[in-house]
Amino acid sequence: MRFPGSSIEIKTEREIQFMREVCALAADTLSRVGPMIEAGITTQDIDDFVHQDTLKLGARPAPLNYRGFPKSVCTSVNEVVCHGIPGPRRLQDGDIINVDVTHLYQGYFGDTSATFYVGKPSKAAKHVTEVARRSLELAIAEVKPGNRFGDIGAAIQEFAEAQGCSVVQDFVGHGIGRVFHDEPKVSHVGRRGTGRRFKPGMTFTIEPMINEGRYETRVLDDDWTAVTIDGKLSAQFEHTILVTPTGCEVLTARSGRLQNSEMFDTYF
Ligand code: MF3
Ligand code: CO
Ligand code: CO
């Protein structure tokens with residue numbers, strides 16, 4: 001439902017139920033990616049797995065052919081910030097890789113990602129990945145009626161910068177529902193007390209991309225792969241969130257720790 005004068009959709013209870021279902025399926029697929037992450041596999045192997053797993057659940061992989069994206073999942077290794085295209089690249093011990101899964105099920109989208117360790121991470125890799133995970137958790141804690149979208153960006157930026165990292169500005173979270181990338185744009189930087197207020201029934205993603213070095217990005221000649229401008233590491237985690245009367249519900253939550261990742265969902 002869209003109220004006049006507001007570009008941010010408020011989901012009905014029925015629409016929320018569809019969101020819960022698709023988000024749970026996306027979370028399930030991502031949870032099964034963790035155990036397959038090891039040195040020697042290719043990012044195409046991850047694409048094959050996610051594609052098949054999604055279809056088995058009766059869902060469709062939303063990235064495939066989305067604005068010309070050629071694969072079913074985004075795989076972003078090391079200095080790749082987001083939108084990495086699966087292919088013949090083999091994972092090596094010490095790499096970090098974000099796997100970003102989006103399912104389409106019964107007309108609704110569910111979007112979630114995590115960064116995984118390939119073997120043993122370097123100190124720098126572990127740091128940037130931990131900061132990314134914690135910044136998402138801190139952002140989620142801001143989501144309750146009365147608070148504002150600027151509080152999300154402020155929480156992420158204050159924490160990440162205090163940890164010596166930087167926050168990507170070229171890509172943002174987004175409203176989600178029957179539309180993959182809907183209003184509002186959810187900035188991962190900002191000032192407290194600014195922006196629209198959270199209202200029960202809003203659904204959107206929070207997906208901070210945290211860089212080890214500079215925050216700027218550039219897009220490779222394939223028109224998709226975004227990399228850090230200085231070639232240093234970038235890590236990202238993403239959840240789809242519902243605003244409730246008392247706070248929020250993390251629709252793409254899993255229980256416990258994701259294998260080979262910092263990700264553990266403790267806030268619900
Ligand atoms: N899943 C990404 C996001 O979090 C979008 C991927 S679009 C694609 O918004 F085309 F690259 F798949
Ligand atoms: Co998203
Ligand atoms: Co995503």
Report ³J(HN,Hα) in whole Hz for each residue of the range 256-265, in order, from the Karplus equation J = 6.51 cos²θ - 1.76 cosθ + 1.60 where θ = phi - 60°; Gly and Pro get x. x, 8, 7, 4, 6, 9, 6, 5, 9, 9
From the phi of every residue in the range 36-41, what ³J(HN,Hα) in whole Hz does the Karplus formula 6.51 cos²θ - 1.76 cosθ + 1.60 yield, where θ is phi - 60° and glycine or proline is x? 8, 6, 7, 4, x, 6
DSSP loop GluC sites (Glu not before Pro) with at most 16 other Cβ within 10 Å: longest gap in the chain: 39-215
Residues whose modelled amide H sits under 5 Å from the amide H of CYS82, counting only those 5 or more places away in sequence or on another chain, are ALA226
Expressed in nm to one decimal, what extension gain is obtained for the pair GLN17 and MET1 from 0.36 nm per residue of sequence separation less their Cα-Cα distance? 4.3 nm
How charged is the neighbourhood of ALA132? Take every other residue with its Cβ under 12 Å from the Cβ of ALA132, and add Lys/Arg as +1 and Asp/Glu as -1. -3
Exposure proxy check: PHE204, PHE149 ranked by fewest other beta carbons within 10 Å? PHE149, PHE204
Residue-by-residue Karplus 3J(HN,Hα) for the range 75-91, coefficients 6.51, -1.76, 1.60, Hz, glycine and proline x: 10, 10, 9, 6, 7, 6, 7, 6, 6, x, 9, x, x, x, 4, 8, 5
If the elastic network links every pair of Cα atoms under 10 Å, which of LEU242, LEU251, LEU91 fluctuates the most in the Gaussian network model of the chain? LEU91
Tally Lys and Arg at +1 and Asp and Glu at -1 over the other residues with C-beta under 12 Å from the C-beta of VAL81: what net charge comes out? -4
Can you grab the distance from the C-alpha centre of the range 18-40 to the C-alpha centre of the range 182-242, Å, no decimals? 20
Set LYS144/LYS185; LYS11/LYS56; LYS185/LYS232; LYS11/LYS199 screened for pairs whose C-alpha atoms are more than 19 Å apart: LYS11/LYS56; LYS185/LYS232
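Read-outs: derived from the displayed coordinates by stated rules, not from any lab. Since the model is a prediction, treat every value here as computed from it, not as a measurement. Using ideal geometry, Cβ is built from the backbone for each residue, glycine included, and neighbour counts are taken over all protein chains shown.
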